[in-house]
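Notes follow the structure.
Bear in mind that the values in this text are calculations on the coordinates, not laboratory data. In this text the structure is predicted, and so the values were computed from the model without any measurement. We place every Cβ from the backbone using ideal geometry, glycine too, and count neighbours over all the protein chains shown.
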Amino acid sequence: MGLSKETLLNLYDTMVKIRTFEERVGEMYYEGKLPAFDIAAGPIPGEMHLYSGQEAVATGVCANLQPDDPVTSTHRAHGHLIAKGEDLKKMMAEIFGKETGLSHGKGGHMHLFDPNLHFGCGGIVGGGIPQAVGAALAIKKRGEDRVAVSFFGDGAANIGAFHESLNLASIWRLPVVFVVEDNLYAISVPKSASTAVRSNAERGAAYGIPAVQVDGQDVLAVYEAAKEAIDRARRGEGPSLIEAVCYRFRGHFEGDPELYLAKGEKDKWKERDPINILGSQLKAQGLLTDAEAEAIQAKMTDLVAEAEAFARESPYPAPEEALEHLFA
Amino acid sequence: MGLSKETLLNLYDTMVKIRTFEERVGEMYYEGKLPAFDIAAGPIPGEMHLYSGQEAVATGVCANLQPDDPVTSTHRAHGHLIAKGEDLKKMMAEIFGKETGLSHGKGGHMHLFDPNLHFGCGGIVGGGIPQAVGAALAIKKRGEDRVAVSFFGDGAANIGAFHESLNLASIWRLPVVFVVEDNLYAISVPKSASTAVRSNAERGAAYGIPAVQVDGQDVLAVYEAAKEAIDRARRGEGPSLIEAVCYRFRGHFEGDPELYLAKGEKDKWKERDPINILGSQLKAQGLLTDAEAEAIQAKMTDLVAEAEAFARESPYPAPEEALEHLFA
Amino acid sequence: MAGERLLTTQKAIAEAIAQEMERDDRVFVMGEDIGAYGGIFGATDGLLAKFGPERIMDTPISEMGFIGAAVGAATEGMRPIAELMFVDFFGAAMDQIYNHMAKIHYMSGGRVKVPMVLMTAIGGSYSDAAQHSQSLYALFAHTPGIKIVIPSSPYDAKGLMIQAIRDDSPVMYFFHKGVLGLGWMTPNPRATGVVPEEPYTIPFGQADVKREGSDLTILTVALMVHRSLDAAEQLAEEGINAEVIDLRTLVPLDRETIVNSVKKTHRVVVVDEDYKSFGMSGELAAIVAEDALDYLDAPPKRLAVPDVPIPYSRPLEQYVIPTVDRIVAAARELVSG
Amino acid sequence: MAGERLLTTQKAIAEAIAQEMERDDRVFVMGEDIGAYGGIFGATDGLLAKFGPERIMDTPISEMGFIGAAVGAATEGMRPIAELMFVDFFGAAMDQIYNHMAKIHYMSGGRVKVPMVLMTAIGGSYSDAAQHSQSLYALFAHTPGIKIVIPSSPYDAKGLMIQAIRDDSPVMYFFHKGVLGLGWMTPNPRATGVVPEEPYTIPFGQADVKREGSDLTILTVALMVHRSLDAAEQLAEEGINAEVIDLRTLVPLDRETIVNSVKKTHRVVVVDEDYKSFGMSGELAAIVAEDALDYLDAPPKRLAVPDVPIPYSRPLEQYVIPTVDRIVAAARELVSG
Ligand SMILES: Cc1ncc(C[n+]2csc(CCOP(=O)(O)OP(=O)(O)O)c2C)c(N)n1
Ligand SMILES: Cc1ncc(C[n+]2csc(CCOP(=O)(O)OP(=O)(O)O)c2C)c(N)n1
Ligand SMILES: [Mg+2]
Ligand SMILES: [Mg+2]
């Protein structure tokens, strides 16, 4: 495809940023919860779904987006929001439930919103898909060349909202790209037990929507497929579907015993770490040295540490604020 | 296909029976409502969706079914239930809201149930589809060779329940046949404005389900496609989808101004009346004379008149019965 | 007389939408059969011809999809009106209504707005049976984050619709089929009334005392306002003076008007076409008990659908949905008993 | 001591299901992650190994589909148990729950039975935020045709689950995450208790007086039973004797026990983890006003989520979900005020 060095290094940066954020959140999550795990305790209470392993998908797609392109995401949203360009401090503060967070602590890890980045997500599987269609409808009505993207999982492709949304997007020829992140599981249920076709790309035809399956560990493959789909949408040629086959390196959520995995399965996938794949390519092409890679990692570690410090030092919202923001 | 004369005449009989029933209901519906139409007045209050024109679909499918094969239907259910073999008296009494009706007057025209015929329907588009999947699941669990059928419209194929149900039926390889009655409209919205594919048969592939489109005005074509699908299900080879292209000869419901129809459209379709199509074939093959056809019509007129008399003479339920049957 | 133009409630709603669409090009309508058909209950009658298919959009039967799309369009700055043809179909869309439309503003800490109207038809009494006759407003009033509007008159219908469209929060607007003045419904003289031509708004949270009285308070909404007014006329002949309060919006609720009326009359009956238990009638009785306990001369009474689905057959349906006669009887009992 | 076996609520539920599955081969379970995972909240823990994948069926994320399939299997004579992982997801399945599961028996004039159990997790207090912390039982209790069961103890959980499975009507069985005794939730000693090994049933419609008292009545369910008992202990130290009534089932509702208790204590507070308005707290206050008005020494009090979505941040969440301290304060105010 001949991407510029800058673009390639940006992709690498973003993936490292996401991974670093997620792994640090994953560590902090257990603070205060052990030895007898108490989900309500510690600086980060509640459920926690991390994105480690899937970085190539968010990164490859969002590299083609502008800040004002609407994105809807899922319960596993950190990676998408970081790739969209969010300030880590506000994100982390929200995950800590602090006043300085994106939603002043009301949303939390599963409900990250930023109107400046036109980003929303939520904890209901399939919930974001119709909303991306609606965002695309708004774009089309205004005659803009923005494009909406909806990220969701292989599991979500079996819920009714998927069907209705793809059909609507097609009949109205909307500028929206549906990105199925096929990480092989919906919690413990493997795709083979939940999905009547091998690839959701086969479902595009049921809506007259161009659809492809790509290697979701290969950020360049994702980038290319996304570019094609997003450009098509910007040109007013309607929706597309991309299924990116990927893998999550942590449990469905933190604390997942992962008893449903085959022995050695995860290790095998870790050999296809998206960061290493791009890193090796860049190094082979002389675009990245080991020292540079270390510097990138160090930079991201610092950024995440700053975000952490910000979140820790920020105050909690006053309890009575619970009653605010019900109505606009 | 070489159907026996008996089978062929049964198909003819059933279609005439449905048509006669529907047209008479359509007449009686206006009793007491005019001159200023009042939907709540007359012997048959409420909405009324008639099946005239689509008789070949119910008839061709149900001719392959046994009384204990579960069927779920829609708001336009009379035809399916008659084809399934229901007693017209109890049906008519229910439509009149009488104590002697199938549901003692509690259900009405849109909610016809008969556990003896394993028949259910309802007024929510898409509502019956998952229930047919569940019936098929029960059959499979018991190792029976029964088969479940779900009838629904072209409009219903765009609701989420369709997607979820077809996927479930496929992954569990259930004995269920999905019959899409494509009568070109969902109320006023033409299929072309609602459906991203030309035929819902194209959607079978999204679930790995064999799917065909047939001429829904030709009862023999429907019979043949249904036989293949139903036999496949009975053999334990899983679900199928049939889209039957047909046309409703009356409005969506009684009182529909039908302003959305193209001029002359309905007349053209009436030239393809399913009863006439089969009638001509039978006559051409010497299996039916004009006199026999008239006799069949007379018999059905009598049957419907008997049902009408029964319904009219039956008492209304006592008001307090409204409080009964909430729980089993 | 000038300004004394008469309209049906249905036409008042359609006019409100049309005027707001003219004023604000972010407003558009989505729903099933709202275009060529004009909406099954006429709420968009004539609008397709005026505004074209880009702004009056017929949808497939995909309630989750198009109501969710309305949410997404609203968060992107449009002001959609979505029609759910009958409230009874809410189950096909409830996730978007409940977890998204109602909650996004709050979950975003007030940063994202969802300015949309979800309008829907409610009510029975014409034998449309268990899946097409429900009222259900209490179910949505129980949901934090949705304003609940239920007009009973042409005048209120127009003013409340314009208010709803201009509101920056999600509003559910319930129109009862029996108050619309449709040509094919049971004739209802109260469904036609004076409606000013120019746009106007009616603030939410202001109950309307549709009839003043001193002997008891009737709290109600929608078609039951009409039946309560009819009942009040009959009661007046017996010397019983009923005050009839049309709540108009359940969220926000005009607690003050309710409580003051009961403090004045000392007796209250809630007349409700929704199911009885865990709904509006309980909430209102509870409010009265909380705020006017010492003023009550009799226990609050509740007349509502007695916790069964709406049956089809006419005598059965008439047994469960409050009628003028039963309102009269309840009021009489309350005052005398 | 013989028969004094201790179990957590979660294990009591799983045992109840297992025993009924052994007794009746029409019983099977469908849901997301109920097989190898054993259910996110352990309600089917160990059952896959015992009964195999034909009877413990993992489903795709297709709530409308598989809950509708449970309805269809039930009408065909099976006795399915469907798990909706969190009640918050009901919106994805509500049409099948509301218009079909709840109504088919009635609409068929009693001819078709829908013997199924829909079990689901409720409740918050662990920062799972707006879409994973709701209680919502009132919303389903408002729906005619569903029995509503909400156990708070291991003993009740087993007996009520067996009763639910044997019932010929649809039953919704709500287990609060905080009463299950899960190893990864905030420890709760009341989540472990004596549970007989043999199967037993507890009839629906019988509230359980979990603590007798004379000064006020606390009406509640689920985790709020535990918090109310904790509050009652604190109140006892102050000389206030609270009666704590665990309603156990909302439909049918044990009106008699409620009313008799209030007639005895003359004061009532409803403690409710669901949203305040148009819900359980209103219904119970209304019932008390209807049937025990003259016995009330003070207006009924309602402690519930103050009509906002459940916020994520700990101090915010603790502000909206009733805590022991706030129950104590409300009771104190009620008795002294
Ligand atoms: C409607 C709904 N059903 C079920 C759940 C519970 N749940 C949360 S995430 C999840 C699995 C989602 O799988 P997938 O879509 O593949 O995304 P992944 O977690 O693999 O990223 C489930 C079942 C939910 N949140 N919403
Ligand atoms: C979930 C739901 N949405 C909308 C409706 C209103 N409605 C009743 S029938 C109908 C059209 C159905 O079209 P189709 O499925 O093609 O069946 P047909 O009427 O043509 O037989 C609509 C929109 C409904 N009953 N349920
Ligand atoms: Mg997945
Ligand atoms: Mg149709």
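Go ahead and estimate [θ] at 222 nm for chain C from helices alone: -39,500 (n - 2.57) per DSSP H run with n ≥ 4, summed, over the residue count, rounded to 500. Don't jump to the answer; show the numbers that get you there.
Working: 11 runs with 114 residues, N = 337.
Mean residue ellipticity, 222 nm, calculated: -10000 deg cm²/dmol.
If the cut-off is 30 Å between C-alpha atoms, which lysines fall inside it for residue D:50, apart from same-chain ones fewer than 8 positions away?
Within reach: A:191, A:263, A:266, B:140, B:141, D:11, D:113, D:147, D:158, D:177.
Rounded, prolate or oblate for the protein assembly as shown? Axes are the square roots of the Cα gyration tensor eigenvalues, ordered a ≥ b ≥ c, and the cut-off for rounded is a/c under 1.5. Mind showing how you got there, number by number?
Details: a/c = 1.40, a/b = 1.09, b/c = 1.29.
Cα axes put the protein assembly as shown in the rounded bin.
Pull out a ≥ b ≥ c, the square roots of the eigenvalues of the alpha-carbon gyration tensor of the stretch B:5-314, then state rounded if a/c is under 1.5, prolate if not and a/b is larger than b/c, and oblate in the remaining case.
It comes out rounded by the Cα gyration axes.
With angles folded into 0 to 90 degrees, how steeply does helix D:154-166 sit against the dominant principal axis of chain D? Use alpha carbons for both and round to 10.
50
Dipole of the protein assembly as shown, Cα-centred, from +1 at each Lys and Arg C-beta and -1 at each Asp and Glu C-beta, to the nearest 20 debye?
Working: 124 positive and 184 negative charges, 249 e Å.
Computed charge dipole of the protein assembly as shown: roughly 1200 debye.
What distance in nm lies between label points placed 7 Å from Cα along the C-beta direction at residue B:309 and residue B:66?
Once both label points are built, they end up 3.6 nm from each other.
Given a cut-off of under 8 Å on Cα pairs at least six residues apart, what relative contact order in percent is computed for the stretch D:6-194?
Working: 392 pairs, mean separation 48.7, N = 189.
Once divided by the residue count of the stretch D:6-194, the mean separation gives 26 percent.
Below 8 Å, C-alpha to C-alpha, sequence gap of six or more: please give me the relative contact order for chain C in percent. If you can, show how the numbers build up before the last one.
On the way: 768 pairs, mean separation 55.2, N = 337.
Computed over chain C, the figure is 16 percent.
Restricting to the protein assembly as shown, compute how many DSSP beta bridges are antiparallel as a %, nearest 5. All intermediate terms of the calculation are to be shown ahead of the outcome.
On the way: 22 of 134 bridges.
Of the beta bridges lying entirely in the protein assembly as shown, close to 15 percent run antiparallel.
Give me C:321, D:17 ranked fewest to most by other Cβ atoms within 10 Å of their Cβ, as a rough exposure proxy. Before the final figure, lay out the partial values.
Numbers: C:321 25, D:17 29.
Least to most surrounded, the residues fall as C:321, D:17.
Using a label position 7 Å from Cα in the Cα→Cβ direction, what is the ascending list of nm distances from residue B:265 to the same site in the other copies?
Here residue B:265 shows inter-copy label distances of 5.0 nm.
Can you tell me, using C-alpha contacts under 8 Å and at least 6 residues apart, the relative contact order of the stretch C:208-336 as a whole percent? Walk me through the numbers on the way to the answer.
On the way: 235 pairs, mean separation 36.9, N = 129.
Rounded, it is 29 percent for the stretch C:208-336.
Using a basic spin-label model with each label point 7 Å from the Cα along Cα→Cβ, how many nm lie between residue A:227 and residue B:205?
The two pseudo-label positions are separated by 2.9 nm.
Taking neighbour counts of Cβ atoms within 10 Å as a proxy for exposure, in what order, fewest first, do C:246, C:291 appear? Working shown, then result.
On the way: C:246 25, C:291 17.
By the 10 Å Cβ count, ascending, the order reads C:291, C:246.
In what sequence do B:52, C:281 fall when counting other Cβ within 10 Å, fewest first?
Numbers: B:52 22, C:281 29.
Taking fewest neighbouring Cβ atoms as first place, the list is B:52, C:281.
Could you calculate the FRET efficiency of residue B:272 with residue B:235 from 1/(1 + (r/R0)^6), where r is the beta carbon distance between them and R0 is 30 Å, rounded to 0.05? Let's see the in-between values first.
Details: r = 33 Å, r/R0 = 1.11.
So, using R0 = 30 Å, E works out to roughly 0.35.
Take the alpha carbon gyration tensor of chain C, find the square roots of its eigenvalues, order them as a ≥ b ≥ c, and report rounded if a/c is under 1.5; if not, report prolate when a/b exceeds b/c, else oblate.
Values: a/c = 1.69, a/b = 1.54, b/c = 1.09.
Prolate shape, in that a/c is at least 1.5 and a/b is the bigger ratio.
Residue farthest toward the positive end of the dipole of the protein assembly as shown, with Cβ of Lys/Arg at +1 and Asp/Glu at -1: which of B:123, C:324, B:63?
Result: B:63, furthest along the dipole toward the positive end.
Label-point separation (nm) for residue A:145 and residue A:294, each offset 7 Å from Cα along Cα-to-Cβ?
4.4
Applying 1/(1 + (r/R0)^6) with R0 = 56 Å to the Cβ-Cβ distance of residue D:233 and residue C:332, what FRET efficiency is obtained, to the nearest 0.05? Provide the component values of the computation, followed by the final result.
Details: r = 49 Å, r/R0 = 0.87.
For residue D:233 and residue C:332, the calculated efficiency is 0.70.
Treat every Asp and Glu Cβ in the stretch B:219-285 as -1 and every Lys and Arg Cβ as +1, leave all other atoms uncharged, and give the resulting dipole magnitude about the Cα centre to the nearest 20 debye.
Numbers: 12 positive and 12 negative charges, 35 e Å.
Magnitude of the dipole: close to 160 debye.
If I take R0 = 60 Å and measure r between the Cβ atoms of residue A:263 and residue B:6 in this structure, what FRET efficiency does the formula 1/(1 + (r/R0)^6) give, to the nearest 0.05?
The formula returns an efficiency of 0.45 here.
Calculate for chain B the 222 nm mean residue ellipticity that helices alone would give, adding -39,500 (n - 2.57) per DSSP H run of length 4 or more and normalising by residue count, nearest 500 deg cm²/dmol. Mind showing how you got there, number by number?
Details: 11 runs with 136 residues, N = 328.
Result for chain B, helices only: -13000 deg cm²/dmol.
Going 7 Å from the Cα of residue D:50 toward and past its Cβ, which residues in the stretch D:175-216 have a backbone nitrogen under 13 Å from where you end up?
It comes to D:197-200, nothing else.
Calculate one ³J(HN,Hα) per residue across the stretch A:249-259 by plugging θ = phi - 60° into the Karplus curve 6.51 cos²θ - 1.76 cosθ + 1.60, and present them in order as whole Hz with x for glycine and proline.
8, 10, x, 3, 10, 5, x, 5, x, 6, 5
So what's the net charge close to residue D:133: Lys and Arg +1, Asp and Glu -1, counting the other residues with Cβ under 13 Å from its Cβ?
Working: positive: A:106, C:103, D:177, D:314; negative: A:47, D:88, D:128, D:273, D:274, D:317.
Combined, the nearby Lys, Arg, Asp and Glu give -2.
Quick one: Cα centre-to-centre distance for the stretch A:148-227 and the stretch C:315-337, in angstrom?
56
Taking the stretch D:1-44, which GluC sites (Glu not before Pro) meet the DSSP loop condition and have no more than 15 other C-beta atoms within 10 Å? Please report the intermediate quantities before stating the final value.
On the way: sites: D:4, D:15, D:20, D:22, D:32; in loops: D:4, D:32.
In loop regions of the stretch D:1-44 (DSSP not H, G, I, E or B), the sparsely surrounded GluC sites (Glu not before Pro) are D:4.
Residue D:210: net charge of surrounding residues, Cβ under 14 Å, Lys/Arg +1, Asp/Glu -1, itself excluded?
On the way: positive: D:190, D:211, D:227, D:248; negative: D:156, D:208, D:212, D:230, D:233, D:243, D:246, D:254.
With Lys, Arg at +1 and Asp, Glu at -1, the net is -4.
Nothing charged except the Cβ atoms of Lys and Arg (+1) and of Asp and Glu (-1): what's the magnitude of the dipole of chain D about its Cα centre? Round to the nearest 20 debye.
Numbers: 29 positive and 45 negative charges, 52 e Å.
For chain D, the charge dipole is close to 240 debye.
Of B:205, B:176, B:223, which is farthest along the charge dipole of the stretch B:175-328 in the positive direction, counting Lys and Arg as +1 and Asp and Glu as -1 at C-beta?
Selected residue: B:205.
For label points placed 7 Å from Cα toward Cβ, what is the shortest-first list of nm distances from residue B:328 to its copies?
Computed spacing set for this position: 4.7 nm.
Measuring from centroid to centroid over Cα atoms, what is the spacing of the stretch B:67-104 and the stretch D:1-65 in Å?
Taking the Cα centre of the stretch D:1-65 as reference, the centre of the stretch B:67-104 is 38 Å away.
Per-residue mean of other chain beta-carbon atoms within 10 angstrom of the beta-carbon, peptide D:299-306? Write out the running numbers ahead of the final one.
Values: counts 9, 4, 1, 4, 0, 0, 2, 4.
What the average comes to for D:299-306 is 3.
What longest range of chain A stays clear of loop-exposed trypsin sites (Lys or Arg not before Pro) (DSSP non-H/G/I/E/B, at most 16 other C-beta within 10 angstrom)?
Working: sites that count: A:173, A:198, A:235, A:263, A:272.
It runs A:1-172.
Any idea what the residue D:189 label distances to the other copies are, label 7 Å down the Cα→Cβ vector, nm, shortest first?
So the distances to the same position in the other copies read 7.1 nm.
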